[in-house]
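Below is one structure; the comments refer to it alone.
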Amino acid sequence: MKIIQRGILKVLPGKMPEYMELQGKFMIIAKRHGCPPMRCYRYLTGGEYMHTVVCEAEWNSLATMEAYYDKAFVDPEWQALMPKWEAIIESHELEFYTPMPQEHR
């Protein structure tokens with residue numbers, strides 16, 4: 001069963017350049033451990049959503065996603081980046097979806 005993972009991150013005001021740099025470093029580590037390609041989006045217009053980033057990944061199964069996180073979370077490089085990440089992220093929500101069959105769209 002395919003799983004769509006969506007992360008909704010709110011970056012602290014003025015910290016978007018740091019976020020972009022850290023995100024690049026995390027993605028290098030993520031690819032090394034088997035993360036599928038991610039699609040990330042920023043809001044087009046300003047306002048309170050200006051600091052919101054949405055990232056999505058499509059996993060082949062929950063087991064594949066779990067195996068990835070088991071490896072990534074113990075990676076020393078990943079662990080070294082986490083305090084920097086936590087210092088610039090106001091909130092981070094995760095949502096999980098499963099695609100609907102074609103006949104239900």
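Restricting to the stretch 61-105, what's the tally of residues that are closer than 13 Å to Phe26 by Cβ, in contact (Cβ under 8 Å) with a residue 60 or more places away in the chain and under 15 Å from the mean Cα position of the chain (by Cα)?
Residues in the stretch 61-105 being closer than 13 Å to Phe26 by Cβ, in contact (Cβ under 8 Å) with a residue 60 or more places away in the chain and under 15 Å from the mean Cα position of the chain (by Cα): 4 in total.
For the stretch 1-102, list the strands (runs of 3 or more DSSP E) that sit wholly inside it and hold at least 2 residues that are out of contact with any Cys (no Cβ under 7 Å at 6 or more places or on another chain) and surrounded by 15 or more Cβ atoms within 10 Å (Cβ to Cβ); which are they?
Details: elements: 3-11, 38-42, 52-59, 89-97.
Filter on the stretch 1-102 gives 3-11, 52-59.
Every number here is computed from the coordinates shown, using simple stated rules; none is lab data. Everything numeric in this text was worked out from a predicted model, so none of it was measured. Backbone-built Cβ (ideal geometry, glycine too); neighbour counts: all protein chains shown.
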